[in-house]
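Engineer: First the structure, which I've put down as structure tokens, then a few questions once you've had a look.
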Amino acid sequence: MSRADEIFVSNCRDILENGTWDTDREVRPRWEDGTPAHTIKKFGQISRYDLREEFPILTVRRTYLKSAIDEILWIWQKKSNNIHDLSSHIWDSWADETGSIGKAYGYQLGKKYVFPEGEFDQVDKVLFDLKNNPASRRIIAHMYNVADLKEMHLYPCAYSMTFNVTGNTLNGILNQRSQDMLAASNWNVVQYSILLMMFARACGLEAGELVHVVADAHIYDRHVPLVEKIIQNPQYPAPRLIVDENVKDFYSFTKDSFKLEGYKYNEFTDKIPIAT
């Protein structure tokens, strides 16, 4: 069975059985009808995925690979903060009339800084260090820039990535301050697994382990019955991810550089309400 399914089901059950509700306090998120969106949560959820063993995509419900990749390329490759550069509509609720989400996500990765080796943005500095100084323990990209928070339409949820090379293997730690388990948990795992593979390929390394650290892992009140339904679904073996062998430059990858072979999953047609 899929290791991603096992982790997702275990994490959701832990939250539902051992989590804490925030119904005793005021909360910022609201449902579309204006009702407060309360959650049940666990603090400090840590999951590990070995990309050498299998690609961590759910089968208990479908995760849309191409859309997930499109968003991660929008942030890390295009370094954009405008939804007009994105194929999906997942960021529409946070965009202004120009399409901007403020100084968030891709904007932060695209800002240039002066380092001893020269001027780089954060993505290019990661690429430089992985190629020229792989033993470094300082290869980190982050988007939680306190000085710019007031100009972000949404604070970054997945806010930093730490890269670490062991031998010829590139491992990474994804840090998140907040995780909507139903809407985005496996979505983020898939995205940052792909990102780790892109960096590894571009730097002549093998993608190894992705460690996913979430401070506040939660299930919204209106999502509980949906999650309970999903985690009862049958689990299938993980599909095989095929990466175009001709692409070796980080900026040459597209969503079509990746495809799944043998992806069997459970259909899930229920509408997922999103709290904003």
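The values are calculated or read from the model by the stated rules, or taken from the named source; none is laboratory data. All values reported here derive from a predicted model rather than from experimental measurement. Here the Cβ is made from the backbone with ideal geometry for all residues, glycine too, and neighbour counts use every protein chain on show. Ligands, DNA and RNA are excluded from the accessible area calculation, which covers all protein heavy atoms including side chains. Shrake-Rupley method; radii C 1.70, N 1.55, O 1.52, S 1.80 Å.
Engineer: Exactly one condition in (1) modelled with pLDDT under 95; (2) crowded, with 18+ Cβ neighbours inside 10 Å is not met by Trp94; state its number.
Structural biologist: Checking Trp94 against (1) modelled with pLDDT under 95; (2) crowded, with 18+ Cβ neighbours inside 10 Å, the one that fails is (2).
Engineer: Is there a residue being open to solvent by less than 20 Å² (accessible area, probe 1.4 Å), in a loop (DSSP other than H, G, I, E, B) and either on the phi < 0 side of the Ramachandran plot or among the hydroxyl-bearing types (Ser, Thr, Tyr) (or both) anywhere in region 157-172?
Structural biologist: no
Engineer: Do any residues in region 76-94 that are in contact (Cβ under 8 Å) with a residue 40 or more places away in the chain and under 21 Å from Phe199 (Cα atoms) have Cβ atoms under 6 Å from those of residues that are exposed (fewer than 14 other Cβ atoms within 10 Å of the Cβ) and among the acidic types (Asp, Glu), where the two are at least six apart or on different chains, and which pairs are they?
Structural biologist: If the second residue must be exposed (fewer than 14 other Cβ atoms within 10 Å of the Cβ) and among the acidic types (Asp, Glu), no pairs are left.
Engineer: Does Glu17 qualify as being more than 30 Å from Phe199 (Cα to Cα), open to solvent by 40 Å² or more (accessible area, probe 1.4 Å) and either among the basic types (Lys, Arg) or not in a helix (DSSP H, G or I) (or both)?
Structural biologist: no
Engineer: Anything in region 83-138 that is outside any strand (DSSP E or B), in contact with a helix residue (DSSP H, G or I) (Cβ under 7 Å, 6 or more places away or on another chain) and among the charged types (D, E, K, R)? List them, or say none.
Structural biologist: Result: Asp85, Asp92, Lys103, Glu117.
Engineer: A further question follows. Do we find that Lys271 is more than 15 Å from Leu65 (Cα to Cα), part of a loop (DSSP other than H, G, I, E, B) and open to solvent by 60 Å² or more (accessible area, probe 1.4 Å) in this structure?
Structural biologist: It is true that Lys271 is more than 15 Å from Leu65 (Cα to Cα), part of a loop (DSSP other than H, G, I, E, B) and open to solvent by 60 Å² or more (accessible area, probe 1.4 Å).
Engineer: Tell me whether region 83-90 contains one or more residues that are touching a Phe, Trp or Tyr at 6+ places or on another chain (Cβ under 9 Å), within 21 Å of Ala202 (Cα to Cα) and open to solvent by 30 Å² or more (accessible area, probe 1.4 Å).
Structural biologist: Within region 83-90, none of the residues are touching a Phe, Trp or Tyr at 6+ places or on another chain (Cβ under 9 Å), within 21 Å of Ala202 (Cα to Cα) and open to solvent by 30 Å² or more (accessible area, probe 1.4 Å).
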